[in-house]
1. Relative to the present Cα-Cα distance, how much length would full extension add between Ala158 and Ala133 at 0.36 nm per residue of separation?
2. Between segment 1-43 and segment 154-187, what is the C-alpha centre distance in whole Å?
3. Quantify, in whole percent, the carbon and sulfur part of the accessible surface of segment 211-301 (1.4 Å probe; protein heavy atoms only).
4. What aspartates and glutamates could a cross-link reach from Lys303, if we take a straight Cα to Cα line under 12 Å and drop same-chain neighbours fewer than 8 places away?
5. Would you mind checking which residues have amide H under 5 Å from Tyr262's amide H? H placed 1.01 Å from N; only 5 or more apart, or other chain.
6. Pull up all non-local amide H partners of Arg63: gap of 5 or more, or a different chain, and H-to-H distance under 5 Å with H placed in the peptide plane.
7. Accessible area per residue for segment 1-193 in Å², computed with a 1.4 Å probe and the full protein assembly in place, what is it?
8. Which residues' amide hydrogens lie under 5 Å from the amide hydrogen of Ser79, considering only partners 5 or more residues apart or on another chain, with H built in the peptide plane?
Amino acid sequence: MNSQIQNVLENIEKVMIGKRDVAELSLVALLARGHVLLEDVPGVGKTMMVRSLAKSFDAQFKRIQFTPDLLPSDVVGISIYNPKTLEFEFRPGPIMGDVILADEINRTSPKTQSALLEGMEEASVTIDGKTLAINQPFFVMATQNPIEHEGTYPLPEAQLDRFLLKIKMGYPSRGQEVEILRRAENGKAIEKIDAVLSVAQLIELQELVQGVYVEDSVKNYMVELATQTRENSYVYLGVSPRATLALMKASQAYAFMKGRSYVTPDDVQYLVPFVFSHRLVLKPDARYDNVTASEIIERIIAKTPVPTKRFAEQ
């Protein structure tokens with residue numbers, strides 16, 4: 001594994017116990033300049049994951065608690081009239097940070113959701129008719145509770161498509177939960193970790209990820225997986241070309257993390273469920289037959305021919 005990435009993961013593990021896979025996937029999205037939708041019940045460490053990631057890079061952390069009465073200006077900022085200068089002054093909102101936690105994004109109105117999602121897709125926000133660029137790095141990790149839906153506004157498919165990955169945290173094991181209690185005896189672990197890389201180094205890593213080689217046969221494999229989702233009998237709407245591009249970017253980041261300069265089919269297979277599942281719109285037949293998006297992806301992976309090139313020789 002890349003030594004710099006290894007240092008970041010070890011730093012996060014000082015706070016997050018037993019969540020190595022979630023930390024790796026979060027870093028994949030960060031290095032690929034994508035965003036993450038983190039779905040799970042309250043209290044499993046979603047906020048702590050984002051904070052530890054931000055602290056590891058000494059990045060500016062901003063938290064937005066989404067509520068039904070939140071306005072778009074509460075996210076992007078607002079222009080306020082200054083009577084001394086007789087001019088309007090722009091006060092930036094929390095979206096202007098480096099690492100953004102969008103907590104319970106499905107609890108606010110679609111209008112406010114779209115204010116955040118514009119920034120995620122375009123790396124800019126529109127205020128009073130003016131377009132302002134968002135500084136890099138810019139990483140959003142949005143959370144939502146999959147259990148409680150009363151008073152929520154589910155993200156439509158077009159907005160779900162803006163997230164590079166969808167991840168679930170899951171409960172810790174018994175031993176891991178005991179270790180959580182032990183560490184809590186000595187105060188908050190998040191306050192005790194320091195940055196191991198700078199924001200400038202993070203941007204440099206993001207640029208290196210773009211140079212990871214993707215062989216044509218692997219590109220064809222990605223496209224075939226995407227095509228299979230569009231032709232599946234249980235799927236009403238398959239993944240878009242944006243999803244295929246997201247899969248390639250995520251695979252490049254994952255290969256880089258593992259210390260390789262090229263992407264293998266194994267990288268693609270591992271990441272497909274996290275990239276594709278939340279982008280599928282299933283037919284009612286799938287619900288009647290108890291078939292989930294994850295199961296459909298597994299079946300597609302199993303039946304799609306894998307490139308046979310010996311990548312280890314590259």
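The values are calculated or read from the model by the stated rules, or taken from the named source; none is laboratory data. Just so it is clear, the structure is predicted and the values come from calculations on it, not from any experiment. Note: ideal-geometry Cβ built from the backbone for every residue, glycine included; neighbour counts use all protein chains shown. Surface areas here come from the heavy atoms of the whole protein model, side chains and all, with no ligands, DNA or RNA. Shrake-Rupley method; radii C 1.70, N 1.55, O 1.52, S 1.80 Å.
1. Working: separation 25, 0.36 × 25 = 9.00 nm, distance 2.23 nm.
Extra length available between Ala158 and Ala133 comes to 6.8 nm.
2. About 10 Å separates the Cα centre of segment 1-43 from the one of segment 154-187.
3. Values: 2080 of 4190 Å².
Roughly 50 percent of what the probe reaches on segment 211-301 is carbon or sulfur.
4. Excluding near neighbours in sequence, the set is Glu224.
5. Answer set, sorted by chain and number: Tyr213.
6. Excluding prolines and chain starts, which carry no amide H, the hits are Leu101.
7. Values: 9370 Å² over 193 residues.
Per-residue value: 49 Å².
8. Arg91
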